[in-house]
1. Could you tell me which numbered condition B:GLU142 fails, if it satisfies all but one of (1) farther than 24 Å from B:VAL186 by Cβ; (2) open to solvent by less than 30 Å² (accessible area, probe 1.4 Å); (3) more than 9 Å from chain A (Cβ to nearest Cβ); (4) among the charged types (D, E, K, R)?
2. If you go through segment A:146-172, how many residues are touching a residue at least 60 places away in the same chain (Cβ under 8 Å) and more than 7 Å from chain B (Cβ to nearest Cβ)?
3. Out of the residues in segment B:38-54 meeting the condition of being out of contact with any helix residue (DSSP H, G or I) (no Cβ under 6 Å at 6 or more places or on another chain) and at positive phi, tell me which one is nearest to the other protein chains (Cβ to nearest Cβ).
4. Tell me, which strands (runs of 3 or more DSSP E) lie completely within segment B:29-148 with 2 or more residues that are touching a Leu at 6+ places or on another chain (Cβ under 6 Å) and under 23 Å from B:LYS199 (Cβ atoms)?
5. Please state which one of A:ALA82, A:ALA69, A:ALA160 is in a helix (DSSP H, G or I), open to solvent by less than 70 Å² (accessible area, probe 1.4 Å), within 30 Å of B:HIS109 (Cα to Cα) and at pLDDT below 95.
6. Can you give me the ranges of the helices (runs of 4 or more DSSP H) entirely in segment B:149-239 with at least 2 residues that are modelled with pLDDT under 85 and open to solvent by less than 50 Å² (accessible area, probe 1.4 Å)?
7. Residues A:PHE201, A:PHE214, A:PHE191: which one is surrounded by 15 or more Cβ atoms within 10 Å (Cβ to Cβ), away from chain B (no Cβ under 14 Å) and free of Cβ contacts under 8 Å to residues at least 60 places away in the same chain?
8. Which numbered condition trips up A:VAL133, out of (1) open to solvent by 10 Å² or more (accessible area, probe 1.4 Å); (2) within 11 Å of chain B (Cβ to nearest Cβ)?
Amino acid sequence: MSSTLMYFLGFSMTYILMAWSIYLPYRVKHLHFLAVATMAVTSYMGGILSVNFGWSFLPTLLLSIVIGALISYLISHTIGNAPTFTVVIVGITFVFIIKTAIENTDYLGGTIGLFGIPVLDHPLIILFAFLLVIGYFLYRIDHSRIGRAASVIFTDENLAKSMGIKPKQIGMLFQTISGGIAGSAGVFYAFFVGSLFPDFFTFHLIGTLMTILFIGGYTTMWGVIPAALILRGVPMILPSSIASWRLLIYGVLLVAIIATKPKGLITKKMLWELLKKRSGS
Amino acid sequence: MNNNGTTFLKMNNVNVFYDSIQALKNISLEVAKSEFVVLIGANGAGKSTLLKSILNIQAPKGSINFKGKELTKLHTDEIVANGISIIPEGHLIFNSMSVLENLQLGTYHGKKKEQSIENIFGYFPILRERKEQTAGTLSGGEQQMLSIGRGLLSDPELILVDEPSLGLAPKIVNDIFDILVKLNNVGYTILLSEQNAKKSLEIADRAYVLETGNIVMEGQADDLLNDEEIKDAYLGGSI
């Protein structure tokens, strides 16, 4: 396999993981950018543990899931039932706190970066297998009573409360799971790329994930998959002079899609109708 | 005052504000167990706000007591768990979910889910026939039945029904009101908010008349049905 294809698939799958970590809390209208800060924490944690303490991938991955979930769980006590705007602000604030802390900590490589993280032998297979596990887990959540309750919260929080649903409880649960997924994505990223730079975990990543979620479609977990592949893949086949305009292209695409298809390219309704048509034929 | 004298729900000097605007003014109201009480009044009189204040969706000031428990100190989900359910205005069902999934939403608190849903199908056989169908494809009346069915699944003792006739054809309104009477007859206590004064006074035990957030009249439904003032204001001058 060519290194270009390997990087394309590896990055795409990491972005899908991260986009799912944003998708799940958005089921209750929480744009949980804290996931990006969590990814930064666990990727550096994984890097340090492997480079300085000789930890292998699997224990690092497991620890990162726990740490990621724990960070989000603790903060979810404050923002588990907060308005979308508050969740966004808290997330972005943490992203910049973590970035600044990394840049000013020599032990983490500072602005120069952290190098020498051992790269996985078969990263794509492991990443794909993990993606299947997380995808199945999210699918089960989406089709559980908690998933249905989340749909009610998204539509009308007061109606949800009047059915005995606790929006804060579900918000906290989804944010915690989101943290766990983002935590795992951080370690996958570190063990896939082999080096870490604080600049990666900033507005650029937030913008990319938001574009993947809203272009792909936020009403179903499947939308982010083609969106991640296309948004990651297209700049790779474009001439480098155009590819460097990637963020601008993403922005234009995002505005165009929101204006024409506010729920994104792939919606739950569309998939349901497709399924119905297939079972009918 | 009521059917058997046992006060079930008691609101005492309840005030509700939307920012600086007062929507309910010193509301005092009682509902007895197994009673059917209707709130009538024009659009904007405060009927829906009153129902929302009972569930603490719209925070009330004053006292709301249900079976001896003060509701103003409880969260909405705790109030629902204590046996109060609301059937919201405009059905508010989930179009992309199946009928069964909509009903399962109502069992969020419930324990015996399958059995409870079977009971609902007993009340509304049409919903059993359409349980796999998406709720958005149901007729207006069926959607209202689904909304009522979902409300019953939290195992309530008191059901708050908000404008069930809104947007429905007269024939369907009659069917829905018949269902409410049946539910009352099997023991559910009902507090109905309704603009269709004539129809609701015909089926209720007692009524309260709301105007701009105040209770301006109360009494037995039969008496209000024959009250000249009510006839002029809400029943088009004659019955």
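1. Unmet for B:GLU142, out of (1) farther than 24 Å from B:VAL186 by Cβ; (2) open to solvent by less than 30 Å² (accessible area, probe 1.4 Å); (3) more than 9 Å from chain A (Cβ to nearest Cβ); (4) among the charged types (D, E, K, R): (1).
2. If we filter segment A:146-172 for residues that are touching a residue at least 60 places away in the same chain (Cβ under 8 Å), which is where we start, we get A:147, A:150-151, A:153-154, A:167-172.
Now drop any that are not more than 7 Å from chain B (Cβ to nearest Cβ), which leaves A:147, A:150, A:153-154, A:167-172.
Here the count works out to 10.
3. The residue in question is B:GLY46.
4. Numbers: elements: B:36-41, B:60-66, B:84-87.
The qualifying strands (runs of 3 or more DSSP E) are B:36-41.
5. Details: A:ALA82 fails: in a helix (DSSP H, G or I); A:ALA69 fails: at pLDDT below 95.
From the options A:ALA82, A:ALA69, A:ALA160, the qualifying one is A:ALA160.
6. Working: elements: B:170-185, B:197-203, B:221-225, B:228-234.
Qualifying helices (runs of 4 or more DSSP H): B:228-234.
7. Working: A:PHE201 fails: free of Cβ contacts under 8 Å to residues at least 60 places away in the same chain; A:PHE191 fails: free of Cβ contacts under 8 Å to residues at least 60 places away in the same chain.
After ruling out the rest, the residue left standing is A:PHE214.
8. (2)
The values are calculated or read from the model by the stated rules, or taken from the named source; none is laboratory data. Every value quoted in this text rests on a predicted model; they were computed, and no experiment measured them. All Cβ positions, even for glycine, are placed from backbone atoms using ideal geometry, and neighbour counts span all protein chains on display. With ligands, DNA and RNA removed, areas are computed over all heavy atoms of the protein, side chains included. Shrake-Rupley method; radii C 1.70, N 1.55, O 1.52, S 1.80 Å.
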